[in-house]
Amino acid sequence: LEIVDLLNSYSHNIDHGLVDEYAALFTEDAVFEIHFPGAPITSFSGSEQIKSLAQGAKERREGGTQRRHLLTNIIFHEQTDTSATVACYLLLTSTTGSDLSFVFSGQYDGWLVKDEAGWKIRKWVLTSDSGMTAPASSEES
C-alpha cells in the first residue's frame, strides 16, 4: 500500500504543481529517463534536475493547461523489505479551457528503495508508446 501511495503521490504532485513534494518522492541521486520512439533518451539526474522537470509542469498549469498523469495496471516485479521494482501504464491527458486532449500513453518502470523516511524512487523510466518531444533536461537547455 505504501508503494501504491508513492505512485499516486507522483501523479498528484506533478499535476498540482507541487514541485518540492514531487522532488521529495525521489532519492537525491535518482535518475529519470524519458524514451520516445525515434528520439534520443532524455535524462534527469539528481533532485535539482528532477525538480526542474516539475517546475515546467507547474508553469504549464499556471498558464492554464491542466495535465493529468493517470497511472494504471500497477505490477510488482520484485519486492523486499528495502527495495522494489514496479511497472505501470501511463495515460497523459491535457485540458486547456474546455479542450481536452490525449497527450500520449506509455509505461513507467521503477526501481524503488525504502529508508527511514519511507519509499522513494531511485530510477524511473518512462517509455512512450508514440513519438513526442521530451522536455529538455537541464543539461540540454
Item to check | Matching residues in the stretch 108-124 - criterion: being surrounded by fewer than 20 Cβ atoms within 10 Å (Cβ to Cβ) and of a type in the set (Gly, Ala, Ser) | outcome: 117, 118
Checklist entry - Take the residues of the stretch 63-89 that are without any contact (Cβ under 8 Å) to a residue 60 or more places away in the chain and β-branched (Val, Ile, Thr): which is farthest from residue 123 (Cα to Cα)? => result 65
Checklist outcome for this item: Counted residues in the stretch 45-97 being at positive phi and surrounded by 15 or more Cβ atoms within 10 Å (Cβ to Cβ) come to 1
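Any read-out appearing in this document is the output of simple, stated calculations on the displayed coordinates, not a laboratory observation. A quick note: this is a predicted structure, and the numbers were derived from the prediction, not measured. Every residue, glycine as well, gets a Cβ built from its backbone with ideal geometry; the counts of neighbours run over all protein chains shown.
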